[in-house]
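Worksheet: one structure, shown below.
The values are calculated or read from the model by the stated rules, or taken from the named source; none is laboratory data. Keep in mind it's a predicted model, so treat the numbers as computed, not measured. Glycine also receives a Cβ, built like all others from the backbone with ideal geometry; neighbour counts cover every protein chain displayed.
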Amino acid sequence: MNDTKISEALAERYGADIPVPGELAQNPALQTMAARGSCRWFRDVPVPDDLLRALCAIALAAPSKSDLQQRDIVMIRAAEQLAAVKALLTGQDWIAQAPALLIFCANNRRQRLMHDWRNRTFVNDHLDAFFNASVDAGIALAGFVHAAEAAGLGCCPISTIRNRAADVSTLLNLPDHVFPVAALAVGYPQFPSPRISMRLPLDTTLHCDRYDETGLRAAVDTYDTARNAHRPMTAQRQPDRFGTTEPYTWSDDKTRQYAAPERNDFGAFIRGRGFDLS
């Protein structure tokens, strides 16, 4: 567990003091969450299957929309299957040395099958069916991350699995109405404490009573400056297209990232899995 105090972690995270009630100041679970960071460098030590299974059970105890439980986890165990899945996750070299890999899937199939078994029409065949299952998978993913880090493991979600969603679905034998939402690399951290990644100012993303964008641009500019001072980015995206910028900031990086097409075939893939997104 990262031994950084909650108040110190939040101050580093948001660039401002965040009051923490005294009775929570030494809470170990909150301490871990406040100081957490993604882990991309793992020790060459296998993660026991029984530990992964127990953490999956804890993660699947997380909230689920209307108790529908529309999320599944595929735990990759066989060496050849692990290598095959990793081969689809190109562009991030660190994934190759992750000791364990889980695939978090949205599952709307079970609900439809139960309608068949009970001879009841599934009338909610629209965008919400896709959305509910996706959110359930995301909640389970977050639950696993918190549980794993409390157990001394490190994790990093991998969204690029959706770049090869069809290939992954074939490899994992996923049927219609089941699809991969994210992969998760899991292992024992090579370094004891991950670096804290700064987040946008809390007043920018936490709203009271009503959504409010007042001062948003100035807040992003301030955040860009603070984050660049805290931890400058080491590489600039697409310099052949955009040139180089100094300083190179978070908003520079994110707008460059989404100025290029990314997963623009995912909607067609989801429709091909039987979802009506109307």
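Quick one: count up the residues across the range 9-59 that are under 18 Å from PHE191 (Cα atoms), β-branched (Val, Ile, Thr) and in the same structural domain as PHE104 (by TED's automatic domain parsing).
Number satisfying all stated conditions: 2.
Please work out which residue is farthest from PRO46 (Cα to Cα), limiting yourself to the range 161-201 and to residues that are at pLDDT 95 or above and β-branched (Val, Ile, Thr).
Looking at the filtered set, the residue picked out is VAL178.
Report yes if SER64 is in the same structural domain as ASN132 (by TED's automatic domain parsing) and among the hydroxyl-bearing types (Ser, Thr, Tyr), otherwise no. Give the derivation first.
Working: in the same structural domain as ASN132 (by TED's automatic domain parsing): yes; among the hydroxyl-bearing types (Ser, Thr, Tyr): yes.
Against the criterion (in the same structural domain as ASN132 (by TED's automatic domain parsing) and among the hydroxyl-bearing types (Ser, Thr, Tyr)), SER64 qualifies.
Please determine whether any residue of the range 92-102 is farther than 22 Å from ARG43 by Cβ and buried (at least 17 other Cβ atoms within 10 Å of the Cβ). Step through it out loud before you land on a result.
The first filter runs over the range 92-102 and keeps only residues farther than 22 Å from ARG43 by Cβ, leaving none.
No, the range 92-102 contains no residue that is farther than 22 Å from ARG43 by Cβ and buried (at least 17 other Cβ atoms within 10 Å of the Cβ).
Could you please let me know if ARG36 is more than 17 Å from ALA147 (Cα to Cα), under 17 Å from the mean Cα position of the chain (by Cα) and either in a loop (DSSP other than H, G, I, E, B) or at pLDDT below 95 (or both)? Steps first, please.
On the way: more than 17 Å from ALA147 (Cα to Cα): no; under 17 Å from the mean Cα position of the chain (by Cα): yes; either in a loop (DSSP other than H, G, I, E, B) or at pLDDT below 95 (or both): yes.
No: the conditions fail for ARG36.
If PHE122 passes every condition in (1) farther than 30 Å from GLY187 by Cα; (2) in contact with a Lys or Arg (Cβ under 8 Å, 6 or more places away or on another chain); (3) in contact (Cβ under 8 Å) with a residue 60 or more places away in the chain but one, which one does it miss?
(3)
Grab the helices (runs of 4 or more DSSP H) fully contained in the range 167-278, keeping just those with 3 or more residues being aliphatic (A, V, I, L, M) and out of contact with any Lys or Arg (no Cβ under 9 Å at 6 or more places or on another chain).
On the way: elements: 202-205, 216-230, 239-242, 250-257, 266-272.
Those helices (runs of 4 or more DSSP H) span 216-230.
What residue, of ALA61, ALA133, ALA83, ALA129, is small (Gly, Ala, Ser), loosely packed, with under 15 Cβ neighbours inside 10 Å and assigned to a helix (DSSP H, G or I)?
Numbers: ALA61 fails: assigned to a helix (DSSP H, G or I); ALA133 fails: loosely packed, with under 15 Cβ neighbours inside 10 Å; ALA129 fails: loosely packed, with under 15 Cβ neighbours inside 10 Å.
Result of the check over ALA61, ALA133, ALA83, ALA129: ALA83.
Select from the range 246-278 the residues that are among the aliphatic types (A, V, I, L, M) and touching a Leu at 6+ places or on another chain (Cβ under 9 Å) and list them in ascending order.
Kept after step one, since they are among the aliphatic types (A, V, I, L, M), are these residues of the range 246-278: 259-260, 268, 270, 277.
Residues satisfying the conditions are ILE270, LEU277.
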